[in-house]
Amino acid sequence: MNLVSFQELVGRLTLLDILLFKPICLVLSLQLGFDSLFFARIDYQDRAKRLKEKNLEVVWQGSKSLGSTSQIFTGIFPRHYEPPDGFTFEINDVSPPIQDDVLLFDYNVQERVNAFVAAALAQANVTRTNHIMWLMGTDFRYQYANSWFRQMDKFIHYVNQDGRVNALYSTPSIYTDLKHAADEEWPLKTEDFFPYADHPNAYWTGYFTSRPAFKGYVRLMSGYYLAARQLEFFKGRSTSGPNTDALADALAIAQHHDAVSGTERQHVAADYALRLSIGYMEAEKLVASSLASLAESTTNIRQGNTVINFQQCPLLNISYCPPSEADLSDGKSLLVVVYNPLGWKREEVIRIPVSTEKVVVRDSSGGEIESQLLPLSNATPHIRRKYVKAYLGKFPREALKYWLAFSASLPPLGFNTYIISGAKQTGPSSTISLVQTSNESTNETIEVGQGSLKLLYSADEGKLTRYLNSRSLVTSTAGQSYSYYTGNDGTDKDPQASGAYVFRPNSTLPIKPQYQVPLTVIRGPLLDEVHQQLNSWISQVTRVYKGKEHAEVEFTIGPIPVDDGTGKEITTQITTTIKSNRTFYTDSNGRDFIKRVRDSRTDWELQVNQPIAGNYYPVNLGIYIQDNSTELSLLVDRSVGGSSLVDGQIELMLHRRLLHDDARGVGEVLNETVCVLDRCEGLTIQGKFFLRIDQLGEGAKWRRTFGQEIYSPVLLAFTEQDGSTEMNFPLPTFSGIDPSYSLPNNVAVITLQELENGKVLLRLAHLYETGEDKDYSVMASVELKNLFPKKKIVEVTELSLSANQERTGMEKKRLAWKVEGSTGEEPKVVRGGPVDPAKLVVELAPMEIRTFHVDFDHLQMFGS
C-alpha cells in the first residue's frame, strides 16, 4: 500500500489508498493484535456531530463483557475514503496538476501549495493532536498509478519547501504510533455504528437481506466446512487426496464486503456461488473418505483401500436426495450416518425425502425407533422439479411421496448410524401422519403440538392466536403476518431509489390470503406441522417438535411479482402483547447482543427521516424483545434485516426484488431470476426462522444453545447395504472425544483443524455475555486430555485469534490508550488463565475466544 503523510508545524497528515471498511463491531485489539482501525462509513448525522466536537477518533470498546481488553483506537475519516476536493489524479480527473515549469503560462506551484495547506488546516481544525490523515485514492482509482505518484512527489517537494506543512510517505502504523505518543485522552465509543445512512433518505439497511439465497448458502457452507475439518482431523490429514482448502478459499473470498452482503452484480454473485460449489464438491469427497476411513480403521481392511461409498445430498433443501429416495423393496437397506459437529450431546429430528410409505428405521443397536411419514407441502413438488433442473440440467426421476422423520441421539463431536429398510407386509413401519384441515374442525380453536409447547390457531381465519408452554407456564397472545414494502423508484424530489444497499420503502402493504385457504394440520408422534398458503407465491410450514420448546417456521417466497412495475421487499411480523417500550436487542456478528431503541441513537439526538429503514439492524443470529415478565426471541438460518417497529412485535425482512439501482456503485438492479427451459422467473427463497417465548431471563439458554445447532447443522451421509436389515456397518457409533466427556454447555468448538506441520489448530469460544444468564455467564473449563483422549499432548501454545503470532508476544506489543473520564478504577476484566502443562485445562471467561496450537506425540496414534 502506498502512503503519503504530511507534517504541519502543528500537525501531521497521512495520505494513503485504503480499502472500504463496513462499520461492524469487531473485537480486534486483544484477540487479533490490531492497535488501530480506520474507516469512512458512519451515519451522516453522527459524522456531523463528531466533526463539530473533534470526536472523529475514539477508543472503541467492542464488547461489554471483554471491557477494556477489547478496546481499539478507531479513526473515522472526516468525509470519505478519498482525498479532499482538488487532489485526485487519475488520468481523466479534473483536479489541476502542479505545473512547475516557470516558462509556461499555467505555472501554479504556489496556488496548488496554498490549496493544499488550506485543506490540511481545515482538517486539522476537526482533529485532535498534531497529526491528521489523508487518503490518496478511492474506488476505481490507480488504474494509471504514474499520474498519482508524479503529483504526490511534487506536492511533497513543494509543500515541504513552503514550510507551513511537512509532507512524507507514511503508514497507518506510524500514524497510530504518533497518536499514541501524543498521550491524549480519547472519547470512549461502545456498541456499534449501525445503521448507516449517507443522506436523509439513504439508509444502507437493505443489504442486510439482499441476495438471501447466497447468504443462506454461505451460512450452510460455513457449517459444513467446520464439520469437514473436524472429520479430516479424526481421520488424519493427508498430503494428497481431497481436502477443504478450496472451500476455505471460497468462503474467505465470500466475506468480501460486496459478496455475502449481496451488493455485487449478478454475474459476480454467480461466480462466488460457483467457487463455493467447487469447494464443496472437493470437501464432500473428503467427508466421504474420512467416514469410510474411520469405519475401516476398526476392521482388517487396509487403510486407504476404501470400499464404503458414501453419498451426500447437497440439494436436500429443495427436497432432492437420490440415495434416500431409492427403492428399498428388493431387500436393500439404506444406512444413514448422522454426524454432530458440536461438543455436546444432541437430540435431532432428521427429515429426509422417501419414495415409499413402507419403511422402518432402526438404530445402531438394531432396535426399531419411532419414525413418522409427513406429506409434502404444496410448494415442494414445483420447487423440487424446477430447481433440480436448474442446478443439474435434468428433472428428478422419482416422484417424491413423503418426508421421513426420525429422532437421532448423537454423541459430541461424533456420529450415530441408522438403518432404513423396507417394511414387511405384516411387520412394523413408520407412522403415517394424520392430515386434517381447519374446515374439518368442530372447534373454534385448533391446537398444535404433542409436547410442552402448544400453538393455538383460529379455525375460521387460520391464524396463529396463542403460544402456550406447559413446562415453563408461559402463556402469551401471539400472531404472525406477512407484508411488503414497495421499493421507492427514486422519481420523487429525492432521486434515491431502494436497491441492493439502500432500503427506502415507499409504502407498506399487508399480504392477505387471496382466497380462503384452510389450514392443513399434520399430526404425528414426533412433530406436528401446519401448512399455510397465503397466495400463489408465499407459503409456509410451521413445525412443533414433541421434544422441543420452540416453533420452526419454514417459509417459501417467490417468485415475487413485479408485473405492476413495482419492486417489493417482503417481511414477516411476530406480534405479542409484550410491553417492549421501543427497545429490542440484535446480535453483533453472533456474539454480543446490543440494545436498540427505536428512533434513537446512543451517541446523538437522531433526526428521524426514515422511521422504517432507519430502525433496521442486521440480524445474524437472532433478535429479541422483553418486558418485566416475558421475552420473545427469533433466531434465523442466515443473515437478514430486522427490527421492532411496534412495541411487542418483531419484524424480519426475508426477501427483496427491486427494479431500480440505488446509485451506490453496483450499477445493476437487484432482480434475481432463475431460467429453466428458456423461461425466466424471479428467484424463490426457502428459509427458516425459529421462535420461542420464555419467562424473563430464561431465553438466553435457548438462543445460545440452539443458535449453535442452527449454525452447525448435523451432517448426513448415506450408503446402501445389501441383503440385511441388521446393522453390519463396522463403526455404528463414534465420538472423537472421551465417551464420558462433553464440553460445557456454554462453550463451542470454533475450529478443530490439523495443519500441514502436524499441529492442531484449536479455537474455543465462550457463548455467553457477562450477566446474560444466571447459570452460564460464568468461567468455563475445557479439559484437553478428554478432548483428545487417544493422543498424547506434548505442548499447548496460545495464539492470537488469527493464529499468526503467540498471544504473550502480541500482548507485550499492545498499545494502551487513555480514555476520557476514566478514573482508573474500572472493574477488572476476568480472563481465562494460562494453560498448566500438567493439568491441560483451558479456562474461558464470558465472550472469550481462545486459540491454540496443540502439538502431539505422533508416535502415539489413534487407537494405540
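The values are calculated or read from the model by the stated rules, or taken from the named source; none is laboratory data. Keep in mind the model is a prediction, meaning the values are calculated, not measured. Don't worry about glycine lacking a Cβ; one is built from the backbone with ideal geometry, like all the others, and counts go over all protein chains shown. Protein only, heavy atoms only, side chains kept; ligands, DNA and RNA dropped before computing areas. Shrake-Rupley method; radii C 1.70, N 1.55, O 1.52, S 1.80 Å.
Rolling a 1.4 angstrom probe over the protein chains, ignoring ligands and nucleic acids, what is the accessible area of Arg471 in square angstrom, nearest 10? That residue has around 140 Å² of solvent-accessible surface.
Starting from the residue with the highest accessible area, list Ile522, Ile253 in decreasing order, probe 1.4 Å. Let's see the in-between values first.
Values: Ile522 0, Ile253 75 Å².
Sorted by accessible area, descending: Ile253, Ile522.
Please report, to one decimal in angstroms, the Kirkwood hydrodynamic radius of the stretch 32-136 built from all distinct Cα-Cα pairs.
On the way: mean 1/r = 0.0614 Å⁻¹.
Hydrodynamic radius (Kirkwood, Cα only) of the stretch 32-136 equals 16.3 Å.
According to the square roots a ≥ b ≥ c of the eigenvalues of the Cα gyration tensor, what is the shape class of the stretch 172-225, taking rounded for a/c under 1.5, prolate for a/b larger than b/c otherwise, and oblate for the remainder? Here the stretch 172-225 falls in the oblate category.
Using only Cα atoms, what is the ratio of the radius of gyration of the stretch 525-608 to 2.2 N^0.38 Å?
Numbers: Rg = 18.3 Å, N = 84, 2.2 N^0.38 = 11.8 Å.
Compactness ratio reported: 1.55.
Per-residue surface analysis assigns His157 an accessible area of about 100 Å², computed on protein heavy atoms at 1.4 Å probe radius. In loop segments of the stretch 438-518 as defined by DSSP, the GluC sites (Glu not before Pro) with at most 16 further C-beta atoms inside 10 Å of their C-beta are Glu444, Glu461. Run the simple label-point estimate for Leu434 and Ala270 please: 7 Å along Cα→C-beta, distance reported in nm. About 5.0 nm separates the two model spin labels. The spread of Cα positions in the chain, taken along each principal axis and listed from longest to shortest, comes to 105, 70, 56 Å. Each of Leu509 and Val794 was given a label point 7 Å from its Cα along the Cα-to-Cβ line. The distance between the two points is 6.9 nm.
Relative contact order for the chain: what percent, with Cα pairs under 8 Å and sequence separation of 6 or more?
Here the relative contact order equals 14 percent.
Projected onto their three principal axes, the Cα atoms of the stretch 138-178 cover extents of 31, 26, 12 Å, largest first. Charge dipole of the chain (Cα centre as origin; +1 on each Lys and Arg Cβ, -1 on each Asp and Glu Cβ, all else neutral): 1120 debye, rounded to the nearest 20. Converting phi to 3J(HN,Hα) with the Karplus coefficients 6.51, -1.76 and 1.60 and the offset θ = phi - 60°, the stretch 655-672 yields 7, 9, 9, 10, 10, 9, 7, 8, 6, 10, x, 5, x, 7, 6, 8, 10, 6 Hz in sequence order, with x at every glycine or proline.
For the stretch 174-262, the mean projected area of the C-alpha convex hull, equal to one quarter of the hull surface, is 11.0 nm². Sequence-distant contacts, meaning Cα pairs under 8 Å at least 6 residues apart, place the relative contact order of the stretch 552-597 at 21 percent.
Summed over qualifying helices (DSSP H, 4 residues or more, each -39500 (n - 2.57)) and divided by its residue number, the chain shows a 222 nm mean residue ellipticity of -6000 deg cm²/dmol. Rounded to the nearest 5, what % of the DSSP beta bridges within the chain are antiparallel ones? Close to 95 percent.
Which value, in Å to one decimal place, does the Kirkwood hydrodynamic radius take for the stretch 432-566 when every pair of different Cα atoms is included?
Details: mean 1/r = 0.0588 Å⁻¹.
Kirkwood hydrodynamic radius for the stretch 432-566: 17.0 Å.
The chymotrypsin sites (Phe, Trp or Tyr not before Pro) of the stretch 472-580 that meet both conditions, a loop assignment by DSSP and at most 15 other Cβ atoms within 10 Å of the site Cβ, are Tyr515. The Cα trace of the stretch 746-792 gives Rg and Dmax of 13.6, 42 Å, the first to one decimal, the second as a whole number.
Note on the stretch 519-662: Rg/Rh from C-alpha atoms, Kirkwood Rh, equals 1.00.
Would you work out the relative contact order for the stretch 565-663, in percent, from Cα pairs under 8 angstrom that are 6 or more residues apart? Before the final figure, lay out each step's value.
Working: 193 pairs, mean separation 39.5, N = 99.
Taking the mean separation of contacting Cα pairs over the length of the stretch 565-663, I get 40 percent.
In the context of the full set of protein chains, the stretch 213-364 has a per residue accessible area of 39 Å² (1.4 Å probe).
Any chance you could tell me what percent of the C-alpha pair distances in the stretch 360-451 go past 23 Å? Don't skip to the answer; put the middle values down first.
Numbers: 2123 of 4186 pairs.
Tail of the P(r) past 23 Å holds 51 percent of the pairs.
All C-alpha pair distances within the stretch 727-846, sorted into 10 Å bins from zero, spread as 10, 33, 33, 16, 6, 1, 1 percent across the bins.
Can you put Tyr391, Tyr624 in order of accessible area, largest first, using a 1.4 Å probe? Before the final figure, lay out the partial values.
Numbers: Tyr391 140, Tyr624 25 Å².
In descending accessible area the options line up as Tyr391, Tyr624.
Across the stretch 756-827, Cα-Cα pairs more than 17 Å apart make up 68 percent of the total. When the alpha carbon coordinates of the stretch 666-757 are projected onto the principal axes, the ranges are 56, 53, 40 Å, largest first.
Which of the three applies to the stretch 227-335, rounded, prolate or oblate, going by the alpha-carbon gyration tensor with a ≥ b ≥ c and a/c under 1.5 meaning rounded?
Values: a/c = 3.56, a/b = 1.49, b/c = 2.38.
Judged from the Cα gyration tensor, the stretch 227-335 comes out oblate (a/c at least 1.5, b/c at or above a/b).
Computing Rg and the Kirkwood Rh from the Cα coordinates of the stretch 495-564 gives a ratio, Rg/Rh, of 1.12.
Near Gly67: Cβ cut-off under 9 Å, other residues only, Lys/Arg at +1 and Asp/Glu at -1. The net charge is +1. In the stretch 272-373, the alpha-carbon atoms span a convex hull of 162 Å³ per residue. Of the residues Phe734, Phe116, ranked by 1.4 Å probe accessible area with the largest first, the sequence reads Phe734, Phe116. May I have the pair-distance distribution P(r) for the stretch 53-207, computed from all Cα-Cα distances with 10 Å bins from 0 and rounded to whole percent? Calculated P(r), rounded to whole percents: 9, 30, 32, 20, 7, 1, 0. Within the full protein context, the accessible area of Thr673 is estimated at about 70 Å² for a probe radius of 1.4 Å.
Among the GluC sites (Glu not before Pro) found in the stretch 672-775, those both in a DSSP coil and sparsely packed, with 13 or fewer other Cβ atoms within 10 Å of their Cβ, are Glu726, Glu756. Placing dummy labels 7 Å off each Cα toward the beta-carbon, the span from Asp492 to Met281 is 4.8 nm. For the pair His199 and Arg471 in one chain, pulling the backbone fully straight at 0.36 nm per residue adds 93.0 nm over the alpha carbon distance.
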